[in-house]
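Some notes on the structure that comes next.
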Amino acid sequence: MAIQMNIAITALLLLFTSIPIVECTDIDVVANFGAVADGQTDLSQPLMNAWKEACASPEPVNIVIPEGTYLLSEATLNGPCQAPISLQLQGTLMAPEDPTVFKEATWVSISYVDSLTMFGGGVFDGQGATAWGQNDCAKNKNCVKLPINIRFHEVKNSLIQDITTKDSKQFHVNVLGCSNITFQSFTVSAPEESLNTDGIHIGRSDGVYILDSKIETGDDCVSLGDGSNNVKVQGVTCGPGHGISIGSLGKYKNEEPILGVFVTQCTFVNTMNGVRIKTWPASQPGSATDIHFEDITMDNVGNPILVDQEYCPWNQCDLSVPSRVQLSKLSFKNIRGISKTQIAVKLICSSSLPCDEVELADIDLTYNGPEGPAISQCSNVHPALSGVQNPAACSSQPTGEAAP
């Protein structure tokens, strides 16, 4: 499976690197559309005018945002476009600090675009610090939805490279209904105390690739919702944050299956969790299959390996009813490093639908806390074992609750 995964990623990189450079026309939001890089003049209209012109062109166009600091109240960049389009962001875009000025829970939205390239080393700065204290959606069903820095909706065959998203008020990036979209040398930057600021959240998309990137945030570095298929995460450094998570799954009706997730050659540093799959008890039916974590380094990480089918934050569920999400074909291979929790491996599966075809291979996780050495807990699963097993697999009886 690892060989197939590496072949797929190599093929993807060859796809992007082998495409001949297409000559395109540059249009500059400052020189051609009157934008002002003073941090006070709104860039929204110049950017919209540039986008409309570029999108209507029968030939490829590159929109240039030069170095400097620009206030951007919001941007809705819709296709379909007549030809490939690129956005060369060299400067820093600043969102309004006040979250109440946003009409929608989005700052920058890009939708219905084929063959988008975004590059240039620039920054999307959500200025979210004032909003994080208002982010209580985990507890409050009637909460005010805060804006996401960048939404990609129905975007395909696209590359986002050498771009930074900083201090979003909510999720940094949301990928929904996309296909064949790559994030490479992508940076997410937010402090550990930034609430609900997932780095890249993926849902109902096929072919999402996150490569050679650095994600520091206050929630999941990468999170996958239902319908996430053929997702590759390779060479990502995660931390601080809550780790890389599949789920939570099973909370809503008509959730789509997850199929084909490959996380490899990643490093976790000072994260709350490592690699995690979480589903709700008393859930709606669903499934997640063909999920693989391989060649992972853990550096002072809580819950380095966690399958939690009793995920119940804030006691918003009925733990007496098992999850109806079927997990199958899961593998954890060559995962090593230091755990900051004694339970280094925790596989808590559903009593009504036990996890099927689970593999643990070459696990070497140590814990140096006062409780004693690292332990491994399992429930409703019988994993196939090979190579080193430190801690000894499934050697401790589960007690208490799983991680938040």
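So here's what we get for this one:
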quantity: On Cα atoms only, tilt of 44-56 relative to the major axis of the chain in degrees; calculated: 90 degrees
quantity: Candidate residues Cys81, Cys394: accessible-area rank, largest first, probe 1.4 Å; calculated: Cys394, Cys81
quantity: Top of Gly260, Gly199, Gly387 by mean-square fluctuation, Gaussian network on the chain, Cα under 10 Å; calculated: Gly387
quantity: Value of [θ]222 nm, deg cm²/dmol, for the chain, DSSP H segments ≥ 4, -39500 (n - 2.57) each, nearest 500; calculated: -2500 deg cm²/dmol
quantity: Dmax and Rg, reported as Rg then Dmax, of the chain (C-alpha, Å); calculated: 21.7, 67
quantity: In Å, descending, principal axis extents of the Cα set of region 343-404; calculated: 36, 29, 18
quantity: Note, ³J(HN,Hα) from phi for region 293-301, Karplus 6.51, -1.76, 1.60, rounded to Hz, x at Gly and Pro; calculated: 10, 8, 6, 10, 10, 10, 10, 6, 10
quantity: Proportion of all alpha-carbon pairs of region 49-106 beyond 13 Å (%); calculated: 67 percent
quantity: Summed residue charge, Cβ within 15 Å of Leu89's Cβ, Lys/Arg positive, Asp/Glu negative; calculated: -4
quantity: With all protein chains modelled, accessible area of His242 [1.4 Å, Å²]; calculated: 40 Å²
quantity: Taking N as its residue count, the alpha carbon Rg of region 136-214 over 2.2 N^0.38 Å; calculated: 1.13
quantity: Residues of the chain: accessible area per residue with a 1.4 Å probe, Å²; calculated: 41 Å²
quantity: Quarter of Cα convex hull surface for region 171-295, i.e. mean projection, nm²; calculated: 6.8 nm²
quantity: When the convex hull of its Cα atoms is projected in every direction, mean area for region 247-346 (nm²); calculated: 6.4 nm²
quantity: Cβ crowding within 10 Å averaged over residues, with 360-369, 300-309 ranked highest first; calculated: 300-309, 360-369
quantity: Region 27-145 - percent of accessible surface contributed by carbon and sulfur, probe 1.4 Å; calculated: 49 percent
quantity: Portion, in percent, of the accessible area of region 260-404 that falls on carbon or sulfur, probe 1.4 Å; calculated: 49 percent
quantity: Cα-based helix-to-principal-axis angle, 2-18 vs the chain, degrees rounded to 10; calculated: 10 degrees
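The values are calculated or read from the model by the stated rules, or taken from the named source; none is laboratory data. None of the values given here were measured: they were computed from a predicted structure. Virtual Cβ from ideal backbone geometry, glycine too; neighbours counted across all protein chains shown. Note: areas computed on protein heavy atoms with side chains; ligands, DNA, RNA excluded. Shrake-Rupley method; radii C 1.70, N 1.55, O 1.52, S 1.80 Å.
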